[in-house]
Structure formats: C-alpha cells, structure tokens
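The values are calculated or read from the model by the stated rules, or taken from the named source; none is laboratory data. Fair warning: this is a prediction, and the values are worked out from it, not measured in the lab. Backbone-built Cβ (ideal geometry, glycine too); neighbour counts: all protein chains shown. Accessible surface areas use protein heavy atoms only, side chains included; no ligands, DNA or RNA. Shrake-Rupley method; radii C 1.70, N 1.55, O 1.52, S 1.80 Å.
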Amino acid sequence: LKPFLFNARDRRNRPALRCLSLALAWAHTFGTCEVHEVTFTGVGMTCEGCSGAIAKTLGKIEGVREVECNIQKETVKVTYDDRVQPQGMYDKLAVWAKNAQKDLGPMP
C-alpha cells in the first residue's frame, strides 16, 4: 500500500485538505471532549437584559456549549467541555457583576 500524501501547495488538493481540517475540528469538538456542568448561584440577575448579557458573555468562551439562566432562582447553569475551566467562567461573571453593579455568589 502507498501512503496517502498531500502536497499542500498543489491547488487541486486544497478542497480535500479543507475537508480533512473540518473533520479533525469536528472530532475534537464533539468526539473527544468530556462534557461537564457547573451551576453558579447568587447571580444578581433582575431582568431578561441581565440574563441575555450573561449568556452572551459566557457563550463567547471557547468550550462553552450551553448557558441556561434562571432569573427567579438567580442561577446560571453552564454546560462546557475540557477546553474551559469553571474559574475562567466565574472570572467573566465577576467582571459582569462589577460593571452591572450586581451581586455574585461564591465560586462553586
């Protein structure tokens, strides 16, 4: 058997390289990372604007998959993978809380 090699400088191989690159990125994102959950409590959200800002802020972090805000319970549940740590998310929430002059509970 001959090894399967690409010449990256050959324009004819670029679509195949793009597909290979996307396949590897997909496998890393969905196939090999463990999924975790963390719930931050005591988040001083008072309206949909607050919860939207939190969801947008945390959603920008690479590795965050889902953000669920509950205004009544003042909780934020985040589903994430191995590329992010809860401390990094908590630090982002702390910046939001300081700028919005809201409360934030302790790190879980």
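Using a 7 Å offset from the Cα along the Cα-to-Cβ direction at both residue 94 and residue 75, what is the distance between the two label points in nm, to one decimal?
About 2.3 nm, to one decimal.
Before I look further, what does region 35-100 give for accessible area per residue, probe 1.4 Å, in whole square angstrom?
Accessible area per residue, region 35-100: 55 Å².
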